[in-house]
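Below: the structure, in structure tokens.
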Amino acid sequence: MLTELKFDTPVRFIRGIGSARAAIFASIGIETAKDLLYYFPRRYENRGAVYAIAEAPDDEPCALVVTIDGMPSERRSKNGLLYTKVIATDGTGFVELVFFNQRWISKTLTKGRVFRVYGHLERGLAGCTMRSPVVEAVYEGRQLQNIIPVYPLVKGLTQKIISDAVKQVLPLCDQIPNTLPEEIIREYGLVGKGEAVRMMHFPTDMEKLDRARRTLAFEELTVFRLALSKMKSLSRQYKAPKMDYKGTGIARFFASLPFSLTSPQERTIKEVFGDLCKDTPMMRLVQGDVGSGKTVVAAAAIYFTVRNGYQAAMMAPTEILATQHYNTLKKLLDPFGIKVALLTGSVKQKEKEQIKQALAQGSIDVAVGTHALIQGDVEYKALGIAVTDEQHRFGVMQRATLVEKGEQNILRAHTLVMSATPIPRTLSLILYGDLDVSVIDVLPPGRQKIETYAVTGEYRERVYAFIRKQIEMGHQAYIICPLVEENEELNRKAVEEYAEELQKNVFSDIKIGFLHGRLSSKEKDKVMQEFSSGERKILVSTTVVEVGVDVPNATVMLIENADCFGLSQLHQLRGRIGRGKAKSYCILMSDSKSEKAKERLAIMTKTSDGFEIAEADLKQRGPGDFFGERQSGEIAFKCADIADMKLIAETGEAVRKIKSIEPDSELYKAVEQFFEKTKDGKTLN
Ligand code: ADP
Ligand code: MG
């Protein structure tokens, strides 16, 4: 037995954990006693809430206290399973308890004994049944644990192994210092951190558990927000090229645009110019729905920068999008003699070298390309601004790593981030706490609402007929296949087979193209080219078309298995149509029986407001699904639920109240640790 347990004691010194188990623990990131303390249960079984059989819920597990009311009967099924059944009652009704392959159980379940049983109650015509419940004998003097933690498991670990190990390190809770200042803990009704950690593992009642969770979530969000505001002030220590309006002829640029700006566009551009005229780096996010006209904001910023004698870089997440930005910028900036170049994977090596050289010499003003290329070994003569079209990546981590501490007076380019993911305002305050945010919340005039329908597979024939009619009218269509997990190869197959099937059996006289992640960028370009020129009328695709593609002649989008997509993603996809003058239609096909799925699709048919959709999405699915697999890791909080608007508001208030943070205080260390972890590329916890 251990004499002196410390936070950094390796777990193999804990009773019950040998080197083999220690290796399993290590595989889930638990190496020390402290790691174990912070390995929280995923959920809890509330066995303390005992129901009467007559009133017990049948849609979630519940606890009953029952008396055995007969002799257990045993039966063997054909495949050799042993079934044990027994009737029990609590005076309000009867329940049949059923066990599989538990040889010993009939000896325990003797008539007249009292048990607490916990499981799913099924109500059938023949009465109530509970299969494989947890049974605990109830008798005088026995203290049953009411709230049972359920830990996330991996192979080789059981609930018991984990809770036995946790029990041994629990005394360390007394030594956990508070991260949050005492005043904050008191004011917001939180508990001490050690107490909170203890309650997470062995809660004595639900109310205490809630307080514990709230305490840890509060700390997590507060530290995150403090870290972001620290990032903000750190980034302001750098120097950036200070520009001004003089000689830019900006009015001529505006006059050259084929449309007049919407008022949020105008406001945003003004804010951007204001930033560029300061000698600290701009760190601004432009948030605007698909089609709200963010590109022209970027173009204006780039024009302004080049006219001030600096270069600009514009990064996009995909080649298709980079190429599109390149074409747009070229059209807008060429007339002013501004040189724009495209740098993507499909540009020939020789040409790439030439462009890089020209950028280093300053004979090219603007480079447009994919992130990897532009961020690689490209050198600029005088980079003034980097514009990133993030679409829906969040990049808190990348931004954190950009902020190297202590490097003052280093010249930095201004940064403009454009995000097409509308997220609830409160949430963007958190995730982008280190950035200044401009929101473009009005669409350019003349946009038509996209008619959206949610239908079942029964309508398939009619939908195909409708697509055919639209094509006969001279329009084009997208058909989106459901994404098969993260497996690109399966996606390729799904798309190709479906396209072939449609080509053969449904649209034999219509030219169909297909697009998926496995195509080379050359092939993708070719397909997009053929679709956008109208040569191919239907494009069968995975969600790769989601980002940015602009084919105004496309008026229909059929989305297969629409329930598999997140609302925000559906919204992004839908944004590919309704870009021209003709009325557009989006058909969401789904055979899902789930009420929730139906509700979600109904939201799509009712609104086209990205912010409203985002809010609904976040509320319904929680942050993990809202941001999607890939991003959620990046902003994964251990305890905090970022859909919890009250918590968000309160932590915002708390952050404002924390005026100064003493160096060496626990809070200071926690904020520092945030940077350490982000540097290692880990998640926020
Ligand atoms: P996003 O915000 O999705 O990047 P874009 O910048 O691609 O949107 O703009 C979408 C379309 O709207 C483009 O064809 C663009 O030319 C057009 N557009 C942008 N601003 C305006 C405006 N103020 N008036 C009319 N059309 C506009
Ligand atoms: Mg865009």
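Key figures for this structure:
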{"item": "Vicinal HN-Hα couplings computed from phi for region 501-516 (Karplus, 6.51 cos²θ - 1.76 cosθ + 1.60; Hz; Gly/Pro x)", "result": "4, 5, 4, 6, 9, 10, 10, 4, 9, 10, 7, 10, x, 9, 9, 7"}
{"item": "Rounded if a/c under 1.5, otherwise prolate or oblate - region 444-534, Cα gyration tensor axes", "result": "rounded"}
{"item": "Descending principal axes extents, region 450-607, alpha-carbon based, whole Å", "result": "41, 36, 31"}
{"item": "Estimated 222 nm signal from helices in the chain, with DSSP H stretches of n ≥ 4 weighted -39500 (n - 2.57), rounded to 500", "result": "-12000 deg cm²/dmol"}
{"item": "0 to 90° range, to nearest 10: angle between helix 460-472 axis and the chain longest Cα axis", "result": "10"}
{"item": "Among 224, 179, 465 - extreme Cα towards positive end, dipole of the chain, charges at beta-carbon", "result": "465"}
{"item": "Percentage relative contact order, the chain, counting C-alpha pairs under 8 Å, at least six apart", "result": "12"}
{"item": "The chain: angle of helix 349-361 to the longest principal axis, Cα-based, in degrees nearest 10", "result": "70"}
{"item": "Accessible area (Å², 1.4 Å probe, nearest 10) - residue 180", "result": "10"}
{"item": "Whole-Å distance, taken between Cα centres, linking region 129-178 and region 273-314", "result": "55"}
{"item": "297, 544, ranked by accessible area, largest first (probe 1.4 Å)", "result": "544, 297"}
{"item": "Phi-based couplings in Hz for region 101-117 (Karplus 6.51, -1.76, 1.60; Gly and Pro marked x)", "result": "6, 10, 3, 6, 5, 5, 6, 7, 7, 8, 4, x, 6, 10, 9, 9, 10"}
{"item": "q = 0.09 Å⁻¹, the chain: log10 I(q)/I(0) [Debye, one scatterer per Cα]", "result": "-0.97"}
{"item": "Of every Cα-Cα pair in region 531-588, the percent that sits beyond 18 Å", "result": "27"}
{"item": "Accessible heavy-atom area order of 71, 314, 645, highest first, probe of 1.4 Å", "result": "71, 645, 314"}
{"item": "Degrees separating the helix 595-606 axis from the principal Cα axis of the chain, which is the longest one", "result": "20"}
{"item": "Size of charge dipole - region 48-144 - debye, nearest 20, with Cβ of Lys, Arg +1 and Asp, Glu -1, no other charges", "result": "640"}
{"item": "Protection proxy ranking, peptides 275-282, 136-143, average beta carbon neighbours within 10 Å, highest first", "result": "275-282, 136-143"}
{"item": "Separation of alpha-carbon centers, region 47-68 and region 328-379, rounded to whole Å", "result": "68"}
{"item": "Packing-based order for 83-91, 13-21, using average beta carbon neighbours within 10 Å, highest first", "result": "83-91, 13-21"}
{"item": "Contact order relative to length of region 1-112, as percent, for alpha carbon pairs under 8 angstrom and 6 or more apart", "result": "18"}
{"item": "Cβ crowding within 10 Å averaged over residues, with 249-257, 429-437 ranked highest first", "result": "429-437, 249-257"}
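The values are calculated or read from the model by the stated rules, or taken from the named source; none is laboratory data. Quantities reported herein were computed from a predicted structural model and do not represent experimental measurements. Cβ coordinates were reconstructed from backbone atoms using ideal geometry, including for glycine residues, and neighbour counts include every protein chain displayed. Calculation scope for accessible area: heavy atoms of the full protein, side chains included, ligands and nucleic acids excluded. Shrake-Rupley method; radii C 1.70, N 1.55, O 1.52, S 1.80 Å.
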